[in-house]
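Following: one structure in structure tokens, then a few remarks.
The values are calculated or read from the model by the stated rules, or taken from the named source; none is laboratory data. For clarity, every value in this text was computed on a predicted model and none was experimentally measured. Here the Cβ is made from the backbone with ideal geometry for all residues, glycine too, and neighbour counts use every protein chain on show. Keep in mind that these areas ignore ligands, DNA and RNA; they rest on the heavy atoms of the full protein, side chains included. Shrake-Rupley method; radii C 1.70, N 1.55, O 1.52, S 1.80 Å.
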Amino acid sequence: MNTPTIIVTILTLWLVMGLGFLAEYVNVRREGKSLFEAWISYEGLLFILSIAIPIIIMIHRTASG
């Protein structure tokens, strides 16, 4: 895959995961739970991973040359 395709794929992934997390966040807050409970839900963890994994890959590619 070329660079623009990778960038569009990552941005789309972040958008979808972010919207999923926001939907879960609204449900958790409606139930009166804490922000921490929203972050440790499946949607929250997937959102965190969708940010962390591309960053780790970029660091690895930069370090390995």
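The table below gives the values:
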item: Close pairs (6 angstrom Cβ cut-off, 6 or more residues apart or separate chains): over 19 Å from V8 (Cα atoms) and at pLDDT 90 or above in region 38-65, of a type in the set (V, I, T) and surrounded by 14 or more Cβ atoms within 10 Å (Cβ to Cβ) anywhere; result: A38/V28
item: Among (1) farther than 28 Å from M58 by Cβ; (2) open to solvent by less than 70 Å² (accessible area, probe 1.4 Å) - the single one A38 does not satisfy; result: (1)
item: Hits in region 1-45 (condition: outside any helix (DSSP H, G or I) and hydroxyl-bearing (S, T, Y)); result: S34, S41
item: The listed residue being open to solvent by 40 Å² or more (accessible area, probe 1.4 Å) and in contact with a Leu (Cβ under 9 Å, 6 or more places away or on another chain), out of E43, E24; result: E43
